[in-house]
1. Quick one: count up the residues across segment 98-114 that are surrounded by 13 or more Cβ atoms within 10 Å (Cβ to Cβ) and more than 14 Å from the ligand (Cβ to nearest atom).
2. Got a number for residues in segment 17-37 being more than 21 Å from Glu94 (Cα to Cα) and surrounded by 17 or more Cβ atoms within 10 Å (Cβ to Cβ)?
3. Looking at this structure, is Ala62 aliphatic (A, V, I, L, M), surrounded by 14 or more Cβ atoms within 10 Å (Cβ to Cβ), within 16 Å of the ligand (Cβ to nearest atom) and touching a residue at least 12 places away in the same chain (Cβ under 8 Å)?
4. Which residues, counting only those in segment 73-97, are touching a residue at least 24 places away in the same chain (Cβ under 8 Å) and either within 15 Å of the ligand (Cβ to nearest atom) or at positive phi (or both)?
5. So, in segment 38-74, exactly how many residues are farther than 25 Å from Ile88 by Cβ, in contact with a helix residue (DSSP H, G or I) (Cβ under 6 Å, 6 or more places away or on another chain) and part of a helix (DSSP H, G or I)?
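Computed from the coordinates by the stated procedures, all read-outs in this text should not be read as laboratory data. This one's a predicted model, so the numbers in the text were calculated from it and none came from an experiment. Reconstructed Cβ throughout: ideal geometry from the backbone, glycine too, with neighbour counts over all protein chains shown.
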Amino acid sequence: MSTRLHADPAVLSHLTRSELATLHRLLLEERIVQQARVVELQDPPDLEPDLAQFLLVRCQEALEEIEEAMRLIEHGAYGVCSGCGTTIPYARLEALPAAQRCVSCQAGHNRAQR
Ligand SMILES: [Zn+2]
């Protein structure tokens with residue numbers, strides 16, 4: 001399997017090739033962490049079943065977001081806010097590699113979910 005990135009430099013103009021490679025690596029690491037957590041939560045040693053189930057769902061959602069972010073990297077559409085279409089700054093992506101919204105759209109999204 002090739003790990004080459006087929007990103008369109010025009011779309012990803014705000015991210016350098018090495019920034020993108022770093023974010024891709026962060027996503028891979030995060031995926032390993034979340035996958036290990038899912039395995040652990042399927043047979044939780046000392047957690048309430050309800051809490052374990054809640055955490056399991058959160059982990060699976062996080063994994064889906066990671067998969068989606070990696071798909072977006074492949075398609076050259078990564079780092080663009082799904083709400084307003086603005087580019088998401090590298091600093092935010094480095095802290096939250098699976099982020100799909102800018103800070104203000106994420107705030108609005110969180111409010112809408114409550
Ligand atoms: Zn936005």
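1. 1
2. Total meeting the criteria: 1.
3. So Ala62 fails the test.
4. Result: Gly76, Ala77, Tyr78, Gly79, Val80, Cys81, Gly83, Thr87, Pro89, Leu93.
5. Within segment 38-74, residues that are farther than 25 Å from Ile88 by Cβ, in contact with a helix residue (DSSP H, G or I) (Cβ under 6 Å, 6 or more places away or on another chain) and part of a helix (DSSP H, G or I) number 5.
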